[in-house]
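What follows is a set of notes on a single structure, which appears directly below.
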Amino acid sequence: MNILTKFKDVAARSPWLYRINAGSCNGCDVELATTALIPRWDVERLGCQYCGSPRHADIVLITGPLTRHVRDAALRLFEEIPDPKVTVAVGVCPISGGIFRESYATCAPIDQWFPVDVNVPGCPPRPQAILDGVAKAIAIWRARL
Amino acid sequence: MSTQAALLVSVLAFPGGLFALALGLALKGADRRFAARLQGRVGPPLLQPIYDLVKLGFKRTMVPLTATSQLVFLVTPLVALVSMLYAAALIPVPGLPAPSPQLGNVLVLVYLLAIPGVALMVAGSVSGSTYGAIGFSREMALMLAYEGPIVLVVAAVALRTGAAEGQFAVLSLTEIVRHQQVHGANLFDPVLWPALIAFVFFYPANLGIVPFDIPEAETEVLEGPLVEYSGPALGLFKLMSAVKSVVVLGLGLTLFFPLVPEGPLGLVVWLLEDFVLMLIGVTAVRVGIGRMRIDQAVAFFLKWPLVAAIASLAVVVVV
């Protein structure tokens, strides 16, 4: 194993998470916060850390059906995140629009707009599912480093 | 030539440089792990700060279009780190050769301790980001509040030591340590207790730790001055804050309690003291309480630590 691969393996143990709320009802955001914070499902075990600035992010967690109102802002925010990055869509809204699917004001599914790598369905998803999604995202991110 | 080489080694490797970097990163790792344990979580691996740095090395450094100067934006983190490496070389570490008097005394150290704060201010304002600008103004307000007390604390210790040694003031850190080894630690000198209190409050404010992490509050101003930094440039700021925690801890131990056994055992005891002070004095406090508002913090510093430091200095001068 050459030294660069070794360094990449080390680097993959430090995925920083950034949350984009694209018009979510806040249910998934509460799940994300509790997944990170409560003792039972601590994501810091995986080296994850929620960061305040999109410039520090590695894994992007998007919640919500992407309302028209936030679409441009969310796209701009996504571009602010330096490569390599991985996108995780959390909840059923990014996949289909969920309970908002017939609304004129949403742009779901969001994979028309963002390169989604991992989908975590659920309304809201269970913490185990979110952790599983983050773990899959880390594997994808490792390959992109 | 050989003295210059020795100075270079002391700044880059021992006791500044690599030694301070390793100790600082270990302190950060222990801090994160202990904070998680206090909250009932498992927490990250102890080497997490090192993983973070390696990761940042793989990321891209982006310079925002709004930055007023690319050069200043990229050089600022380097200036901050170098000033802290220099400061780490000034700290007398027991069991290691004493820092060379050519490097400077405690006054130089106080000046060097101000540089990372100024660097953060420059970084925040040069980035052109609104959040950076807010972080800049908060950092400046906080710095104006805590710089006064620390200068007075250092002056109180220097004058006290000087009075006992028959001089006006002793500014060499090595001399201050030697004086305490003969006459007992300043920790047990009631005249300097107010100065110690002021120093205890200076510590989290200088390091940007809860309750004084107001300039870099993630949830309020998106990490303030650091908002536009990514990749290796951000890594330099992380390294700077790791070394800074060692420097300020080392300064506190030097000024107030440098009594350790002779030789290598002294080094071990000194390292243990660092970890214990970090975990009890910083981690437990930061987990236990919330963040102050900037106006509360400034009012607080201009009230209690400043008064304590002035009181200590006045008593030292009078006695």
Checklist outcome for this item: For segment A:43-53, in residue order, the Karplus 3J(HN,Hα) values (coefficients 6.51, -1.76, 1.60; θ = phi - 60°; whole Hz; Gly and Pro = x) are 7, 5, 4, 7, x, 6, 8, 6, 10, x, 9
Checklist entry - Peptide A:38-47: average number of partner chain Cβ atoms within 10 Å per residue? => result 5
Checklist entry - How high is the relative contact order of segment B:36-138, given as a whole-number percent (alpha carbon pairs under 8 Å, six or more residues apart)? => result 29
Checklist entry - Using the Karplus equation 6.51 cos²θ - 1.76 cosθ + 1.60 (θ = phi - 60°), what ³J(HN,Hα) coupling, rounded to whole Hz, does each residue of segment B:164-169 give in order, writing x for Gly and Pro? => result 6, 8, x, 10, 6, 8
Item to check | Dimensions (Å) - segment B:28-132, Cα atoms, principal axes, largest first | outcome: 49, 43, 24
Next on the checklist: Run lengths n ≥ 4 of DSSP H only: what is the helix-derived mean residue ellipticity at 222 nm for the protein assembly as shown, with -39500 (n - 2.57) per run over all residues, to the nearest 500?
Outcome noted: -19500 deg cm²/dmol
Item to check | aspartates and glutamates with Cα under 17 Å of B:Lys244, excluding same-chain neighbours fewer than 8 positions away | outcome: B:Asp31, B:Glu139, B:Glu147, B:Asp213, B:Glu216, B:Glu273, B:Asp274
Next on the checklist: Under the rule of at least 5 residues apart or a separate chain, name every residue whose amide H is placed under 5 Å from the amide H of A:Tyr50.
Outcome noted: A:Leu17
Checklist entry - Residues of the protein assembly as shown: accessible area per residue at 1.4 Å, in Å²? => result 43
Checklist entry - Which semi-axes, in whole Å and largest first, does the equivalent ellipsoid of segment A:13-144 have when worked out from the alpha carbon gyration tensor as the square roots of 5 times its eigenvalues? => result 22, 17, 12
Next on the checklist: Through the Karplus equation 6.51 cos²θ - 1.76 cosθ + 1.60, θ set to phi - 60°, convert the phi angles of segment B:299-313 into ³J(HN,Hα) values in whole Hz; use x for Gly and Pro.
Outcome noted: 4, 4, 5, 6, 9, 6, x, 5, 5, 4, 5, 5, 4, 4, 4
Checklist entry - Between chains A and B, what is the buried accessible area summed over both chains (1.4 Å probe, protein heavy atoms, nearest 100 Å²)? => result 2500
Checklist outcome for this item: Across B:36-43, the residue-averaged tally of Cβ atoms belonging to other chains within 10 Å stands at 4
Checklist outcome for this item: Computed from every Cα-Cα pair in the protein assembly as shown, P(r) in 20 Å bins starting at 0 and rounded to whole percents is 23, 52, 21, 4, 0
Checklist entry - When every alpha-carbon pair in segment A:74-126 is counted, what percent end up more than 17 Å apart? => result 39
Checklist entry - Counting only residues 5 or more places away or on other chains, whose amide H sits under 5 Å from the amide H of A:Thr87 once H atoms are built in the peptide plane? => result A:Val60, A:Asp117, A:Val118
Next on the checklist: For peptide B:226-237, what's the mean number of Cβ atoms from other chains within 10 Å of each residue's Cβ?
Outcome noted: 3
Item to check | Euclidean distance of C-alpha centroids, segment B:234-268 and segment A:5-73, integer Å | outcome: 34
Checklist outcome for this item: Inter-part gap, Cα centre of segment B:23-58 to Cα centre of segment B:116-147, in whole angstrom, is 26
Checklist entry - What's the carbon and sulfur percent of segment A:96-145's accessible surface, probe 1.4 angstrom, rounded to a whole number? => result 56
Item to check | Amide proton proximity set for A:Thr67, modelled H, under 5 Å, gap of 5+ | outcome: A:Gly23, A:Cys107
Checklist entry - Dipole of the protein assembly as shown, Cα-centred, from +1 at each Lys and Arg C-beta and -1 at each Asp and Glu C-beta, to the nearest 20 debye? => result 780
Checklist outcome for this item: In whole percent, the fraction of accessible protein surface over segment B:2-318 that belongs to carbon or sulfur atoms, probe radius 1.4 Å, stands at 72
Item to check | Relative contact order computed over segment A:13-144 (Cα-Cα under 8 Å; 6+ residues apart), in percent | outcome: 28
Item to check | Value of Rg to Rh for chain B (Rh from inverse mean 1/r over Cα pairs, i.e. Kirkwood) | outcome: 0.96
Item to check | Highest average packing first - A:69-78, B:31-40, B:156-165, Cβ atoms within 10 Å | outcome: B:156-165, B:31-40, A:69-78
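The values are calculated or read from the model by the stated rules, or taken from the named source; none is laboratory data. Note that the structure is a prediction, hence the values are computed from the model and not measured. So basically every Cβ, Gly included, is an ideal-geometry build from the backbone, and we count neighbours across all protein chains shown. We work out accessible area using only protein heavy atoms, side chains counted, and drop any ligands, DNA or RNA first. Shrake-Rupley method; radii C 1.70, N 1.55, O 1.52, S 1.80 Å.
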